[in-house]
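Here's the structure, in structure tokens; my notes come after.
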Amino acid sequence: MNGKTEYMCCPGCQAVCGSIISLGLTDYYQFRENLPETPPRDMETELQHLDFYDHEKVQKKYVTLDEDNLQYIALMVNGIVCAACTWLIESRLSKLEGISKITVNQSTSRATLSWDPEFISLSSILKAINQLGYEAYPYDKKIREQHLIDEKKRSLQRLAVAGLGMMQVMMFSLGFYMDPNQEMAESTTLLLRWVSLLVSTPVVFYAGSPFYLSAFKSVRNFTVNMDVPVTLAISSAWVASTWSTVTGHGEIYFDSVSMFVFFLLTGRYLQMISIHRSGRVLEERLKSKPETAIRLIDSEQERILLDDVLPGELILVKPGQQIPCDGIIETGETTIDESILTGESLPLLRNSGEKVAAGSINTGNVITVLVTNSAENSTLTGIINLLQKAQQTKPKVQLLADKIASYFVVTVLLLAFSTGMFWYWNDSSQLFNAVLAVLVVTCPCALSLATPVAITSGLGKLTEQALLLNRTAALLNLSELTDVIFDKTGTLTTNRFSVSLIDNFSEKSDDEILQIIAMLESHSDHPIASAFSVIENNIDIKVTDVSILPASGIEAKINKELWKFGNASMLGELKCPIELPTILPGQLILFLIKSNQCQALLVLETEIRDTAKETIEHLIAKDLNIHLLSGDQELNVKQIANTLGLDNYLAEQSPEQKLSYIQKLQKSGRKAAMVGDGINDSPAMAASLVSVAMAKSTDITKVSADIIMLSDDLNLINDSIDTSKAVIRVIKQNVMWALSYNLLGLPLAMSGILTPWLAALGMSISSLVVVLNALRLSRKS
């Protein structure tokens, strides 16, 4: 095959071929060097290709074991357009013997499932999904990215055809609207009709094809989604208009049909972009996880793939690198930054024989680590798995809307049938126009736009407020909150230190002392260095022979004199010239030493964000309950809570404990938002109704977040809640307007008073009102 997959007969075969090549099984194609002519599409033949996924080597790449020791896999599912699709897949597959659990996430187009291979094979599961009309395959980054690119390209092409066609047909229709007395020459009338038919045909059959395919899948599986009435409206109006054009009598609706398709495609395109962005978040954000490690064999260094590292092997970890696997330090001592795992604000000293966890950062010296867990069983991977499973339990807000739409569609069809029967027995000449008017006037165009356009305007408003949404549902969920939970380190605090006290015992000025410390700390990546990073150096000093002293501080020669800066362990037998001050939780005492003489004493403290107290006061004013959960020590957490006036706080919380706290809170009927910045916050954030990540959060935290703050102003949380409530108001207004229009126009259409062209005009005006009402959101200050 020469590594090429672009000539596959279908996307499913392309996905299988990509997996074969990536696994080095190209011998599978040793007799397929000459490409045959593409045969007619045979669904049964295509499904047979899925048997490849039962291959043991393939399953080793994609399949793991869940907590019940069943096989577990994450799938990509193409073709999902609404919550009814997720319901269909879940309900049908859950009935298959051997499938223990299946969850489909509409926002990411992912499905996760657990099954017993003794009862059902993976290929049988994939075939069952494909037979429902969806394309499913194990997640593969390259195949998925190519699919997203192709899908976006096709959507833009359809949108361009619909937009151009709509503008041209409306221009032709202007002649009819400006000739109410029908004084136009018959030849001109026929010309405009036929040209409108010609231009609208690609709009209907090409640009509108996704609606028909979706409706077909829905009806074929005995369900009804929003695309069913859309398809009926488009096809009925186009067929009636075509008939009128051919016969030369009756109304035409080519302009309304083209406009309808364009409006719906615009909404679908915006929805698709949101889904693509959500689906790529996990892949893009986890790039910080190392892909390789340095293995030591007889003192020789060898860089290998992380997946190839086995328990019992030695790996080398250099300063600044992330520890790739759980293990025990074999040689060396260093400081480890575990803040992204535990929330501990300061690096911790780790000596030979002590455990280190994957995901933590080596901030001190070179160490060798004896691996105890492979990468797939590491602490970091466990947290990521918690995150992914918590994401799958997100509430499916759209499911209720689709259920309502199903009843709405069934009702519309019954009313159209009843109308047809009435006119069949009373005046058959009015039958077609009356039925068509009912279908057009009840078409959920405005109803289907009511929520998307309001959400789109709300998203624009949040972007102006420096907020980025990963998941659109959060925009609506913000208005329902009863509780807000904050992390401490990096969220309510700045993750920086500031100098609160200087006791200077030297002959130098305080400014000179600070500049000397700043020069020393410029060679360190310890969080303490942030307290001195903004100090300007205007004295002539030369720093040499820098050495980091783990868990103590830093030393170097300045103009050939030895200076040290660090904690009390740097003093040794030296005595401080003054009595040490009493410090509060969250504060540190550090010493500057020159030639075994203490030159100065400094007290550093963690900075609380300027907007933290104001934000909490505003949230409390909104009748929200505020909680503080932190992995930091009890005294530090208590001091921050007291400063901010918080009664609900817990310290030394692990990721599992934070997740459990959120779950218990929500099981009691509360609706919680979680605001955090570290990996230890990710599972809890994923399980919360709404999750907010700080601007400088870790990459994995941003994966689990519904909302990412683009600045560190905590007042943005208040702004987002206000915007959410405004969006909800507009959605309610839009839905009320759309339903009122349908309820008002329906009896007029059934009675024959409302003609199809007036119904189409009303449908367009109704949609325009909904759009303009939603645009008011972006104009609000």
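Would you check which residues across segment 87-138 are among the basic types (Lys, Arg) and not in a loop (DSSP other than H, G, I, E, B) and list them? Residues satisfying the conditions are Arg92, Lys101, Arg110, Lys127.
Condition check ((1) at pLDDT below 70; (2) within 29 Å of Leu306 (Cα to Cα); (3) touching a strand residue (DSSP E or B) at 6+ places or on another chain (Cβ under 6 Å); (4) open to solvent by 20 Å² or more (accessible area, probe 1.4 Å)) across all residues:
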site	(1), (2), (3), (4)
Glu33	yes, no, no, yes
Lys57	no, yes, no, yes
Leu65	no, yes, no, yes
Leu113	no, yes, yes, no
Pro117	no, yes, yes, yes
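With the condition kept exactly as written, say whether any residue in segment 640-650 is touching a Ser or Thr at 6+ places or on another chain (Cβ under 8 Å) and under 28 Å from Asn504 (Cβ atoms). So far as segment 640-650 goes, no, none of its residues is touching a Ser or Thr at 6+ places or on another chain (Cβ under 8 Å) and under 28 Å from Asn504 (Cβ atoms). When residues in segment 722-770 are screened for being open to solvent by 30 Å² or more (accessible area, probe 1.4 Å), assigned to a helix (DSSP H, G or I) and at pLDDT below 80, 5 of them pass. For segment 135-182, the set of residues classified as under 26 Å from His49 (Cα atoms) and at pLDDT 85 or above consists of Arg154 only.
Of the residues examined, Ala693 is one that is free of Cβ contacts under 8 Å to residues at least 40 places away in the same chain, closer than 13 Å to Phe486 by Cβ and open to solvent by less than 10 Å² (accessible area, probe 1.4 Å). In the set (1) of a type outside the set (Val, Ile, Thr); (2) over 19 Å from the mean Cα position of the chain (by Cα); (3) farther than 30 Å from Val440 by Cα; (4) at pLDDT below 80, the condition left unmet by Ser704 is number (2). Do you know which of the residues in segment 491-510 that are β-branched (Val, Ile, Thr) and open to solvent by 30 Å² or more (accessible area, probe 1.4 Å) is farthest from Phe532 (Cα to Cα)? It comes out as Ile502. With respect to the stated conditions, Asp623 is among the acidic types (Asp, Glu), assigned to a loop (DSSP other than H, G, I, E, B) and at positive phi.
The listed residues are Thr419, Thr411, and the only one of them that is modelled with pLDDT of 75 or more and open to solvent by less than 10 Å² (accessible area, probe 1.4 Å) turns out to be Thr419. Kindly establish whether Ser630 is closer than 19 Å to Thr611 by Cβ and open to solvent by less than 80 Å² (accessible area, probe 1.4 Å). For Ser630, the condition - closer than 19 Å to Thr611 by Cβ and open to solvent by less than 80 Å² (accessible area, probe 1.4 Å) - is met.
Of all residues assigned to segment 674-690, none qualifies as being open to solvent by 30 Å² or more (accessible area, probe 1.4 Å) and at pLDDT 85 or above. When residues in segment 122-140 are screened for being surrounded by 17 or more Cβ atoms within 10 Å (Cβ to Cβ), in contact (Cβ under 8 Å) with a residue 60 or more places away in the chain and farther than 24 Å from Arg268 by Cβ, 6 of them pass. Residue count for segment 599-614, restricted to those that are in contact with a Leu (Cβ under 7 Å, 6 or more places away or on another chain), modelled with pLDDT of 85 or more, in a strand (DSSP E or B) and open to solvent by less than 20 Å² (accessible area, probe 1.4 Å): 3. Filtering segment 587-598 to residues that are surrounded by 21 or more Cβ atoms within 10 Å (Cβ to Cβ) and touching a residue at least 60 places away in the same chain (Cβ under 8 Å) leaves only Leu592.
Scan segment 652-662 and give yes if some residue there is closer than 30 Å to Val453 by Cα and surrounded by fewer than 24 Cβ atoms within 10 Å (Cβ to Cβ), otherwise no. No: segment 652-662 contains no residue that is closer than 30 Å to Val453 by Cα and surrounded by fewer than 24 Cβ atoms within 10 Å (Cβ to Cβ).
Scanning segment 475-510 for residues that are touching a residue at least 40 places away in the same chain (Cβ under 8 Å) and assigned to a loop (DSSP other than H, G, I, E, B) gives Leu481, Thr482, Asp487, Phe505, Ser506, Lys508. Apart from one condition, Ile513 fits all of (1) in a helix (DSSP H, G or I); (2) crowded, with 23+ Cβ neighbours inside 10 Å; the exception is (2).
Within segment 476-486, the residues that satisfy the criterion of being open to solvent by less than 30 Å² (accessible area, probe 1.4 Å) and either among the polar types (S, T, N, Q) or in contact with a Ser or Thr (Cβ under 6 Å, 6 or more places away or on another chain) (or both) are Asn477, Leu478.
The values are calculated or read from the model by the stated rules, or taken from the named source; none is laboratory data. The structure displayed is predicted, hence computed values, not measured ones. Glycine also receives a Cβ, built like all others from the backbone with ideal geometry; neighbour counts cover every protein chain displayed. Surface areas here come from the heavy atoms of the whole protein model, side chains and all, with no ligands, DNA or RNA. Shrake-Rupley method; radii C 1.70, N 1.55, O 1.52, S 1.80 Å.
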